Amino acid sequence: MKIGIVCYPTFGGSGVVATELGKALAKNGHKIHFITYSQPTRLDFFNENLFYHEVDIRTYPLFQYPPYELALASKMVDVVKHEHLELLHVHYAIPHASAAYMAKQILNTQNLDIPVITTLHGTDITLVGKDPSYEPVVTFSINQSDGVTAVSEDLKNDTYQHFDVTKEIAVIPNFIDLDRFKRQKKDHFKKAICPHGEKLIVHTSNFRKVKRVDDVIKIFCHIQRKMPAKLLLVGDGPERTNIENLCRELDIYDNTRFLGKLDAVEEVLSVADLFVMPSEKESFGLAALEAMACQVPIISTNAGGLPELNVNGVTGFLSTPGDVEDMTKNALYILDEKNLPTFKANALERAKDFDVTAVLPRYEEYYQEIVNQN
Ligand code: GMT
């Protein structure tokens, strides 16, 4: 199939999922055309089935805000027409679903019909999308999509609860490439960070408020009082300075390292003992899945789709958002050498349920269904 994939090209989960999906589809023989404003971060190789089309955003002194959505819709029209695409798959509703709707209408006037699938990822629904400044357009463009998928049952339910969506939503969970995300031997790295055999805690996020990174710091601070430990923080974002200050205030800065945005996060996860995801809301928790694939147990909240991934008492534990005390207690339980090996093995077993080889056929079947009904 010739498929156009529209996504955010950044480190964020939706962009990562879209890019990994495109790469896996290309390996399966589909022709994949990425349409984004810059080269997707995870688009780290090319083969004969992968194509990249950059959206041209022309600015003009009159524009306080360059109209990205119009440039994107125009690029979609151009690529669908000239590359003879059979399907557009847009990731993250805002503004991709409405831009795709506009492209579809334009193409209709030229007697071309292009089915559009919108995949909802999380904050496009739970945080940004339901804000009155976007809600009518988000509702309309979801309903106008030919197919809609969500990355968890919880996100599907949230969508029906907060929007007047009548379209059927298929749940296709996020996935992981277990050939890339696996525990690698990185003893030298572990020794450099934890020279005295300290336990290593890892957190990865975009440091936005919804991630509650301050809870990571508080949990780590409590853990440290009970056992020697180090904390690695991967990623960057608006809360980073506040978090650095909190580490200094709590006098734990010397035992924490801020690594910034990393490409090879699997190398860090390979030496980790525990992953902490205390998010207020999380539609799926791709970063936790990446950790599990590297045999790292998870301390997370029970928010959103996290219980669909992290099995309480098996691959880690679930707590109410903000319950630092409970998360600390659970973390100490997992880090106990009597329990750690079992949790590590369970984490990997669970991650196997989300292997790309299991999830990719679900997308392929869904594509076929949508194309056939058009
Ligand atoms: O987590 C973020 O803030 C980034 C966001 C995104 O769209 O890139 O992530 C969302 O999509 C990911 C991929 O489907 C999910 O794994 C994340 O759970 C989801 N984030 C939230 O729901 C907060």
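The values are calculated or read from the model by the stated rules, or taken from the named source; none is laboratory data. Not measured: the values here are computed from a predicted model. Every residue, glycine among them, receives a Cβ derived from its backbone with ideal geometry; neighbour counts consider all protein chains shown. These area figures cover heavy atoms from the full protein model, side chains too; ligands, DNA and RNA do not enter into them. Shrake-Rupley method; radii C 1.70, N 1.55, O 1.52, S 1.80 Å.
So for His82, His30, what's the accessible-area order with a 1.4 Å probe, most first?
Solvent-accessible surface, decreasing: His82, His30.
Using only the heavy atoms of the protein chains and a 1.4 Å probe, how would Thr204, Thr241 rank by accessible area, largest first?
These residues rank, largest area first, as Thr241, Thr204.
What number, in percent, do you get for the relative contact order of the range 303-374 if the mean sequence gap of Cα pairs under 8 Å and at least 6 apart is divided by its residue count?
Result for the range 303-374 is 25 percent.
Pulled fully out, how much extra length does the chain show between Phe46 and Lys27, if you take 0.36 nm times their separation in residues and subtract their Cα-Cα distance?
5.8 nm
Might you report the magnitude of the Cβ-based charge dipole of the chain about its Cα centre, with Lys and Arg at +1 and Asp and Glu at -1, to the nearest 20 debye?
My answer is approximately 860 debye.
Ignoring everything but the protein chains, give the 1.4 Å probe accessible area of Phe175 in square angstrom, nearest 10.
Roll a 1.4 Å probe over it and Phe175 shows about 20 Å².
Can you work out the FRET efficiency for the pair Arg183 and Leu250, with r the C-beta to C-beta distance and R0 = 30 Å, to the nearest 0.05?
It comes to 0.50.
Residue separation times 0.36 nm, minus the C-alpha to C-alpha distance between Ala71 and Asp323: what's the value?
86.3 nm
Can you give me the accessible area per residue for the range 220-288, using a 1.4 Å probe, in Å²?
42 Å²
When only Cα pairs under 8 Å and 6 or more residues apart are kept, what is the percent relative contact order across the chain?
Relative contact order of the chain: 13 percent.
Divide by every residue of the chain the summed helix terms, -39500 (n - 2.57) for each DSSP H run of at least 4, and state the resulting mean residue ellipticity at 222 nm, rounded to the nearest 500 deg cm²/dmol.
-13000 deg cm²/dmol
For the chain, modelled as a Gaussian network with Cα springs under 10 Å, which listed residue fluctuates most, Met227, Met102, Met292?
For the chain, modelled as a Gaussian network with Cα springs under 10 Å, the answer is Met227.
Please report, as a whole percent, how much of the solvent-accessible surface of the chain comes from carbon and sulfur atoms (probe radius 1.4 Å).
Ligands and nucleic acids excluded, carbon and sulfur give 50 percent.
Step through the residues of the range 265-276 one at a time and calculate ³J(HN,Hα) from phi using the Karplus curve (6.51 cos²θ - 1.76 cosθ + 1.60, θ = phi - 60°), rounding each to whole Hz and writing x for Gly and Pro.
5, 5, 6, 5, 5, 5, 10, 7, 9, 7, 10, 10
At 0.36 nm per residue, minus the direct Cα-Cα distance, what do Leu112 and His162 gain on full extension? Give it in nm, one decimal, please.
Length gained, Leu112 through His162: 14.7 nm.
DSSP loop (so not H, G, I, E, B), at most 13 other Cβ within 10 Å: list which trypsin sites (Lys or Arg not before Pro) in the range 1-110 pass both filters.
Qualifying residues, ordered by number: Arg58.
Taking the simple approach of a point 7 Å from Cα along Cα-to-Cβ for both Lys191 and Asn242, what is their distance in nm?
4.0 nm
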